[in-house]
1. Got at least one residue in region 173-181 being within 30 Å of PHE43 (Cα to Cα) and among the hydroxyl-bearing types (Ser, Thr, Tyr)?
2. Can you find a residue that is touching a helix residue (DSSP H, G or I) at 6+ places or on another chain (Cβ under 9 Å), touching a residue at least 12 places away in the same chain (Cβ under 8 Å) and either at positive phi or not charged (D, E, K, R) (or both) anywhere in region 186-196?
3. Taking region 175-220 as the search range and keeping residues that are assigned to a loop (DSSP other than H, G, I, E, B) and aliphatic (A, V, I, L, M), which one is surrounded by the fewest Cβ atoms within 10 Å (Cβ to Cβ)?
4. Give me the strands (runs of 3 or more DSSP E) completely within region 44-101, filtered to those with at least 2 residues that are at pLDDT 95 or above, surrounded by 14 or more Cβ atoms within 10 Å (Cβ to Cβ) and not aliphatic (A, V, I, L, M), ordered by residue number.
Amino acid sequence: MKTKIVKLLPAALALMLISPAFAEVVAGSNTATSTQQITVPKFINITHDTANSVEQCNAGFNATYDEITLDKAMNTKFHVVTNNPDEAIKLTATCLAGGNQVNAIYGADENNLRLVFTNNGTDSRAATESAVTNIMGTPAKAQNANAIAFAITAAITPDATSGATDPSPTKEADGVKYTLVNGAYDFNYSVATTAIADTFSTHDTDGIYKATLTLSQVSP
């Protein structure tokens, strides 16, 4: 009997040494995840709606050439689409004076805007910068030759289905800044058919008078 016991001990010891190796086996994972990511950049598109804008007209006068009447109501329409809830855009305007493009929009606030048109001719038909400055202050006919001002009215229509709401306007020295939320908007600016008092007279020569309106993004 003693001889048999001695022979079995090495086999039992071998099993004890092997068993810890089986305890180190790790169970496999039964789930895994993957996160897919899309980066949507900021978007804005400002377009000029030429089909719904009236940008040219003819002028008529009374017998003493101290009253001017446009034969049609001019307007310009812009369309704005943005996905940025903190967007800001700005209306500015320029006209030719002293050989340079200068600020052409002024007014007490965003609801009382005026736009200066200047003769784009040369020599005695050209407007000076001082003529535009005079109109924006206290107009005197003899001091604002070849520059004529008209009231301009803004009508802004947000598309509620796009998420747009009424913008918040802020009058600045050279235009109007609008704070928007994401959505689509129509901006329409209409020009009055009669001139601002003391900005039109025989000092204003014949020719083509122009003013350029621009609506542009100002936020980063």
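The values are calculated or read from the model by the stated rules, or taken from the named source; none is laboratory data. Note that the coordinates shown come from a computational prediction; the quantities given were computed from them, not determined experimentally. Every residue, glycine among them, receives a Cβ derived from its backbone with ideal geometry; neighbour counts consider all protein chains shown.
1. Filtering region 173-181 down to residues within 30 Å of PHE43 (Cα to Cα) leaves 173-181.
Within this subset, residues satisfying the condition of being among the hydroxyl-bearing types (Ser, Thr, Tyr) are 178-179.
Yes, region 173-181 has at least one match.
2. Taking every residue of region 186-196 in turn, at least one turns out to be touching a helix residue (DSSP H, G or I) at 6+ places or on another chain (Cβ under 9 Å), touching a residue at least 12 places away in the same chain (Cβ under 8 Å) and either at positive phi or not charged (D, E, K, R) (or both).
3. Restricting attention to region 175-220, the residues satisfying the condition of being assigned to a loop (DSSP other than H, G, I, E, B) are 181-182, 196-208, 211, 218-220.
Now drop any that are not aliphatic (A, V, I, L, M), which leaves 181, 196-197, 208, 211, 218.
Working: VAL181: 18, ILE196: 16, ALA197: 9, ILE208: 11, ALA211: 22, VAL218: 14.
This residue is ALA197.
4. Numbers: elements: 44-48, 59-61, 68-70, 75-82, 87-97.
Those strands (runs of 3 or more DSSP E) span 75-82, 87-97.
One line per residue, one yes/no per condition, for (1) under 21 Å from ASP206 (Cα atoms); (2) surrounded by fewer than 22 Cβ atoms within 10 Å (Cβ to Cβ); (3) under 30 Å from the mean Cα position of the chain (by Cα):
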| site | (1), (2), (3) |
| --- | --- |
| SER124 | yes, yes, no |
| GLU129 | yes, yes, yes |
| GLY137 | no, yes, yes |
| LYS141 | yes, yes, no |
| ASN144 | yes, no, no |
| ILE156 | no, yes, yes |
| THR161 | no, yes, yes |
